[in-house]
Amino acid sequence: MPREFEWQDETLGSEEFYREDLEDLLQEGAWKEGFNEWAEYTNLGEEQVRIVNDLGLFQALDFYWDPTEDRLRFDAPSMPDDWRERDATESLDSGTVSMIDAALEDLGRAVQEVLEDYLERDDEASSYGWGEETYGKRGE
């Protein structure tokens, strides 16, 4: 279950977050497109990007369909609480850790926007099995 997700009475028992379908879209190019857009404006340097990658934080981004709000959402990971004790993060201070956390949120938003564009390209979303009733009317 997503980190900040709360079931509501009208959706209890609906456990479809469409992660596999979103994974397909990410592999088809949404991840690369969103990541490249983010890379153009992020404040992270090469060393910080390497640390984020080494800690598996890019892979920990969670994109899912929220059935309670009927919209695409994401959960961005944050630096582990024990970042001071890890060898890979010796050169980080708390300000840099905050910058990394903010950058991961920005990356999540950038990729989410690209995923939304991918969904809008296929009006019926027939290849994913979730028509307009699943992901809402665009522009609302």
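The values are calculated or read from the model by the stated rules, or taken from the named source; none is laboratory data. Since this is a predicted model, take the numbers as computed values, not measurements. Quick reminder, even Gly has a Cβ in these numbers, built from the backbone with ideal geometry, and neighbours come from all protein chains shown.
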Complete set of residues in the stretch 48-90 that are more than 28 Å from residue 20 (Cβ to Cβ), at pLDDT 90 or above and surrounded by fewer than 17 Cβ atoms within 10 Å (Cβ to Cβ): 50
Identify, please: which residue in the stretch 91-140 is of a type in the set (Ser, Thr, Tyr) and either surrounded by fewer than 11 Cβ atoms within 10 Å (Cβ to Cβ) or closer than 14 Å to residue 52 by Cα (or both) and is, among those, modelled with the lowest pLDDT? 126
Mind counting the residues in the stretch 26-47 that are touching a residue at least 24 places away in the same chain (Cβ under 8 Å), exposed (fewer than 13 other Cβ atoms within 10 Å of the Cβ) and not in a helix (DSSP H, G or I)? 1
